[in-house]
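The values are calculated or read from the model by the stated rules, or taken from the named source; none is laboratory data. Keep in mind the model is a prediction, meaning the values are calculated, not measured. Here Cβ is always computed from backbone atoms with ideal geometry, including for glycine, and neighbour counts include all displayed protein chains. Just the protein is used for accessible areas: all its heavy atoms, side chains included, with ligands, DNA and RNA removed. Shrake-Rupley method; radii C 1.70, N 1.55, O 1.52, S 1.80 Å.
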Amino acid sequence: MDFWEWYDRNFLAAKQHDVPIYELDWLVLRLTDLDKLDLRLRSPNISQKVTLETLTTLDQLWQKRLNDRIPVQYLTGEVTWRDLELQVSPAVLIPRPETELIIDIVTDFVNKNSKDGSYTNGVWVDLGTGSGAIAIALAQHFLNIKSQAQIHAVDYSEAALEIAKINANKNHQQVYFHQGSWFEPLAKLNLQNQIAGIVSNPPYIPSIEVLNLQPEVTNHEPHLALDGGDDGLEAIRELVNTAPQYLISGGFWIVELMAGQSEIVRSLLQANGNYTNIQIHRDYAGIARFVSAQMLD
Ligand SMILES: C[S@@+](CC[C@H](N)C(=O)[O-])C[C@H]1O[C@@H](n2cnc3c(N)ncnc32)[C@H](O)[C@@H]1O
């Protein structure tokens, strides 16, 4: 089979199945030695670069993408997130591009407060770590600025933690991983009043909506990573209510949430009475995507 014949046929099939065309390119680039220029210029020498065996594998995976609606990242088992190469499996949520910004918000806070060693050299926690993306990116930042911060990451899912550990090793970062529900493992570590920052992308989708997302998400991503209970705010309420027992005074708190939740979360933080400097941050699409706060002194 000729590569271009296969590509053109599946380019059309992608359109018919309402699958973004760039995913076909993404899969081709991941599985072959081709580069973007080869694809754009329709390089004639391609048959030497794509063996029949590779083309057969490509075709098998792409048919799964089209017919079973399996996300391409699960098909290849990998994703690039920020500058990290991460392994993914159906045990973990595929880390999303909009979540990348949470790292910029945290590092901006740390840089602005770098004179205070309690942030740069403190204990930071990623609650609901999944693939480990946030924890690993934080560890990388603190390593780059040569600070002594210690990163802990928690997840309820043992299977997710297995993947997160592989990712930390793969990206040469030290993260302490713990299995358990939210603050439970931190209590065992006696981290009350010790934590400089809590960062989390918790499940925040209302249970009923989880069943009606795109089939790629509803049928293939772990519901434990998505389902935030009746109103989507179950995990966030736990993070608002329990974090004050663990944060140092001035400690940083940030969560990701979905469109429409930011004002409710602001009210929850205000009503709790332990927080100050409450801020809402928008993502690149203009959606209020994160809420941050600091513990009162
Ligand atoms: C939205 S995913 C975020 C994954 C990853 N941090 C990211 O940003 O891609 C939420 C994560 O929270 C974890 N989780 C759900 N309930 C939990 C609980 N009670 N305690 C700890 N982690 C939990 C899920 O297993 C999942 O990995």
Given 0.36 nm per residue, what is the gain on full extension from Thr51 to Ser181 after removing their alpha carbon distance, in nm?
-> 42.1 nm
Reduced to Cα centres, the span from the stretch 264-297 to the stretch 38-57 in Å works out to 50 Å
3J(HN,Hα) from dihedral phi, the stretch 177-185, Karplus parametrisation 6.51/-1.76/1.60, rounded to Hz, x for glycine, proline | 9, 9, 8, x, 8, 6, 8, 3, x
For the stretch 134-280, what ratio Rg/Rh do Cα atoms give with a Kirkwood hydrodynamic radius?
-> 0.97
Between Asp104 and Glu85, 0.36 nm times their residue separation minus their Cα-Cα distance comes to what?
-> 5.0 nm
In square angstrom, what is the accessible area per residue of the stretch 1-112 with a 1.4 angstrom probe?
-> 53 Å²
Show the residues, 5+ positions off or on another chain, whose built amide H is closer than 5 Å to the amide H of Ala91.
-> none
What is the spin-label model distance, in nm, from Asp230 to Trp26 if the labels are put 7 Å beyond Cα along the C-beta direction?
-> 3.6 nm
Length gained if Arg96 through Asp297 is fully extended, taking 0.36 nm per residue and subtracting the Cα-Cα distance, is 69.0 nm
Given H placed on each backbone N at 1.01 Å, which residues far from Gly251 in sequence or on other chains put an amide H within less than 5 Å of it?
-> Met295
In whole Hz, the Karplus estimates of ³J(HN,Hα) for the stretch 159-167 (6.51, -1.76, 1.60; θ = phi - 60°; x where Gly or Pro) are 5, 5, 4, 4, 5, 4, 5, 4, 5
Return the subset of Lys49/Lys165; Lys49/Lys146; Lys165/Lys188; Lys36/Lys170; Lys15/Lys49 for which the Cα-Cα distance in this structure is over 31 Å, preserving the input order.
-> Lys49/Lys165; Lys49/Lys146
How much of the accessible area of the chain, probe 1.4 Å, is carbon plus sulfur, in whole percent?
-> 48 percent
For the stretch 146-178, run through the trypsin sites (Lys or Arg not before Pro) and keep only the ones in DSSP coil with at most 16 other Cβ atoms within 10 Å of their Cβ.
-> Lys146
For the stretch 55-61, in residue order, the Karplus 3J(HN,Hα) values (coefficients 6.51, -1.76, 1.60; θ = phi - 60°; whole Hz; Gly and Pro = x) are 5, 5, 4, 3, 5, 4, 5
According to the Cα gyration tensor, what semi-axes, each the square root of 5 times an eigenvalue, does the equivalent ellipsoid of the stretch 3-68 have, listed from largest to smallest in whole Å?
-> 19, 13, 10
Quick calc: nm separation of the 7 Å Cα→Cβ label points for Arg9 and Asn67 -> 1.3 nm
Considering amide H positions built from the backbone, and no H for Pro or chain starts, which residues 5 or more places from Glu78, or on another chain, come under 5 Å of its amide H?
-> Val88
Rounded to the nearest Å, the spacing of the alpha-carbon centers of the stretch 207-262 and the stretch 89-159 is 17 Å
Order the peptides 25-31, 89-95 from the highest to the lowest mean number of other Cβ atoms within 10 Å of their residues.
-> 89-95, 25-31
Over the chain, with a single point scatterer placed on each C-alpha, what log10 of the ratio I(q)/I(0) does the Debye formula yield at q = 0.07, 0.12, 0.15 1/Å?
-> -0.31, -0.81, -1.13
